[in-house]
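> Here it is: the structure, laid out below.
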Amino acid sequence: MPLDARTLCLGALDAGFNTGYDIRKAFEEGPFRYYQSLSYGSIYPALNALLADGLVTCTAHSQDGRPDKKVYTITEAGRAALRVALLQPLEFDRFRSGFMFAIAFAHRMAPGELSRLLDDYIRGHYDLADELARIEGVTLPGDRFLIRMGEEMCKAGARWIEENRAALENEIETNRAVAAPLRDGTHD
């Protein structure tokens, strides 16, 4: 099953992100951005539901000239609910990407277009691997594991494309060559 907004918010609170804004940043720019997403519109409804269920508490902090800042804290019941949610069978990861969709139509691309797409994707994978390798100050073992796993997966993905792109490009060119006489009406 996929992780829901409530579970993701509990995890963020457990990791020390304690306002709706902090939780959003954790998923957009922080440590969770590499492997999970959480829409801004789902954060506050999830926090309100967690609050109603006693899984978090909320304290309002006054701010000069601004609305009160709501600071959330995960309760022991919230930590227990997080553990239970994390131990449920998880949905198997699916790879969904614009690149994969585009490659499904690689036969519609000109050779130079396909080559640029592959080059850009390879470069993007290596750039992300480099970005992950430069992350410092990670203290939790699971976070270190995930960063290293992500780095290695990016490198492996880039290498696989490098090693197999010629086969794709050659097959597409062969199919074009075979289809060209049929389109031109010059077949036997």
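> How many residues, within the range 129-169, are modelled with pLDDT of 95 or more, surrounded by 17 or more Cβ atoms within 10 Å (Cβ to Cβ) and within 30 Å of residue 15 (Cα to Cα)?
Residues meeting the conditions: 5.
> Separate question: Among residues belonging to the range 1-14 that are of a type in the set (A, V, I, L, M) and touching a residue at least 60 places away in the same chain (Cβ under 8 Å), point out the one that is nearest to residue 54 (Cα to Cα).
Ranking the qualifying residues of the range 1-14, first place goes to 10.
> Identify the single condition in (1) outside the structural domain of residue 163 (by TED's automatic domain parsing); (2) in a helix (DSSP H, G or I); (3) small (Gly, Ala, Ser) that residue 124 does not satisfy, given that it satisfies every other one.
Of the numbered conditions (1) outside the structural domain of residue 163 (by TED's automatic domain parsing); (2) in a helix (DSSP H, G or I); (3) small (Gly, Ala, Ser), the odd one out for residue 124 is (1).
> Another question, then. Only one of these is farther than 20 Å from residue 85 by Cα and either in contact with a Lys or Arg (Cβ under 9 Å, 6 or more places away or on another chain) or surrounded by 18 or more Cβ atoms within 10 Å (Cβ to Cβ) (or both): 19, 7. Name it.
Going through 19, 7 in turn, the sole match is 19.
> From the list 7, 59, 73, which residue is in contact with a helix residue (DSSP H, G or I) (Cβ under 9 Å, 6 or more places away or on another chain), outside any helix (DSSP H, G or I) and not hydrophobic (A, V, I, L, M, F, W, C)?
73
> When the range 108-128 is examined, which residues are found to be within 17 Å of residue 161 (Cβ to Cβ) and either surrounded by 13 or more Cβ atoms within 10 Å (Cβ to Cβ) or aliphatic (A, V, I, L, M) (or both)?
109, 114, 115, 117, 118, 119, 121, 122, 124, 125, 126, 128
> Follow-up. Return yes when residue 25 is outside any helix (DSSP H, G or I), charged (D, E, K, R) and outside the structural domain of residue 133 (by TED's automatic domain parsing) and no when it is not.
no
> Next question. Return the residues of the range 30-45 that are part of a loop (DSSP other than H, G, I, E, B) and farther than 15 Å from residue 143 by Cβ; say none if nothing qualifies.
The answer is 37, 38, 39.
> For the range 78-96, which positions are free of Cβ contacts under 8 Å to residues at least 24 places away in the same chain and hydrophobic (A, V, I, L, M, F, W, C)?
80, 84, 87, 92, 95
> Confirm whether residue 117 is in contact (Cβ under 8 Å) with a residue 40 or more places away in the chain, at negative phi and assigned to a helix (DSSP H, G or I).
No: the conditions fail for residue 117.
The values are calculated or read from the model by the stated rules, or taken from the named source; none is laboratory data. Predicted model only: the values in this text are computed from it and were never measured. In this analysis, Cβ positions are derived from the backbone assuming ideal geometry, glycine residues included, and neighbour counts consider all displayed protein chains.
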